[in-house]
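First comes the structure, then the notes that go with it.
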Amino acid sequence: MSFDTPKALSDIAIERLAERVETAQRYATPIHKLTEDYPDLTVAEGYRVQTALRRSLEGRGQRVIGWKAGLTSKPKMAQMGVSTPAIGFLTDAMERPANSAISVSDLIHPRVEAEIAFVTKAELSGKVTAADVMAATDYVQPALEVIDSRFSGFKFDLESVIADNSSSARYVPGGRMVRPDALDLRTVGVVMEHNGQIAQIGAGAEVLGHPAEAIAMLVSVLDDIGETLPAGSFVMAGAITAAIPVKAGDTITARFYEMGSITVTFTD
Ligand code: OOG
Ligand code: MG
């Protein structure tokens, strides 16, 4: 992926766009997608905005604990109308415990995703394979992600969603921690229940054929933006199924084959 562009946006313009996204996030007020004002926004500029947002949140005391891959499964690509995967960063402030209540009052239009998360034990950098990812993985475990696009109507394009940190909002690690080779991650099934009704079903192979492929993609994008994945990172591979919109009063349970389950309830 080449990120060269003939007339890149100035650092000031990038900072302003990051502020726009951060303000929308902080006040849970939607904005229109960035490409409406900047139709020539590139993927590289989207990542520059995301990096400026990351630096700003770190300046406010948040700590980056890992990353997420997104738009890595066909159900997600079809739901969002975007066919290229993207990555985003995760901070400690976004984490919520399993089986807890999550407030929706500071979110715009939350949706829930079931994902497989990797916790690494060695640094990954440059261009790596899924086998490299597996070798550098300490354990895998289920996770729920609560995404919340800062864009009106949850509608965006690749460049805008990247600038918006790939809709990252909350994440919930849970279930059982298992050695990466203890299970065939392609055949790990997941059933998502929404208020007790089965709402989505899928299996790990939906995620680029194997969830470790999504982590390899993520490391490659990190390389493109001048970053590496440190040992001890928590990395989510992307939603296996389409995301489920939720409101206060809702409960979501995701049951992962042989990896346990995670429940979250949503409150005002
Ligand atoms: C973008 C983020 C997608 C995933 O797991 O696919 C994502 C979005 O759909 O808002 O987190
Ligand atoms: Mg996700």
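The values are calculated or read from the model by the stated rules, or taken from the named source; none is laboratory data. Worth saying up front: this structure is predicted, and the values here are computed from it rather than measured. All Cβ positions, even for glycine, are placed from backbone atoms using ideal geometry, and neighbour counts span all protein chains on display. Side chains included, ligands, DNA and RNA excluded: accessible areas come from the protein's heavy atoms. Shrake-Rupley method; radii C 1.70, N 1.55, O 1.52, S 1.80 Å.
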Let me make sure I get this right: for the range 11-69, a, b and c are the square roots of the gyration tensor eigenvalues over alpha carbons, sorted descending. Under 1.5 in a/c it's rounded, otherwise prolate if a/b > b/c, else oblate. Which is it?
prolate
Counting Lys and Arg as +1 and Asp and Glu as -1 over every other residue whose Cβ sits under 12 Å from the Cβ of residue 171, the net charge comes to -3
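Can you pull the Kirkwood radius for the range 143-268, inverse mean 1/r over Cα pairs, to one decimal in Å?
Numbers: mean 1/r = 0.0624 Å⁻¹.
Across the range 143-268, the inverse of the average 1/r is 16.0 Å.
Using a cut-off of 15 Å between beta-carbons, work out the net charge of the residues near residue 198 (Lys and Arg +1, Asp and Glu -1, residue 198 not included).
On the way: positive: 255; negative: 193, 250.
Summing Lys/Arg as +1 and Asp/Glu as -1 gives -1.
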Compute the orientation-averaged projected area for the range 102-182 from the convex hull of its Cα atoms and round it to one decimal in nm².
6.9
Given a 1.4 Å probe and every protein chain left where it sits, what share in percent of the accessible area of the chain is carbon and sulfur?
50
Quick check: Cα centre of the range 74-127 to Cα centre of the range 220-268, how many Å?
4
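Which percentage, to the nearest 5, of the DSSP beta bridges contained in the range 11-267 is antiparallel? Write down the numbers at each step before the final one.
Numbers: 46 of 54 bridges.
That works out to approximately 85 percent antiparallel.
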Can you count the Lys pairs in the range 11-267 with C-alpha separation below 28 Å, eight or more apart or on different chains?
17
All-pairs alpha carbon distance profile, the range 11-267, 5 Å steps from 0, percent
1, 7, 15, 19, 21, 18, 12, 6, 2, 0
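Relative to the present Cα-Cα distance, how much length would full extension add between residue 181 and residue 8 at 0.36 nm per residue of separation? Kindly include the intermediate steps, with their values, before the conclusion.
Details: separation 173, 0.36 × 173 = 62.28 nm, distance 4.35 nm.
This chain segment gains 57.9 nm when fully extended.
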Where in the range 1-65 are there chymotrypsin sites (Phe, Trp or Tyr not before Pro) that are in a DSSP coil and have at most 11 other Cβ atoms within 10 angstrom of their Cβ?
27
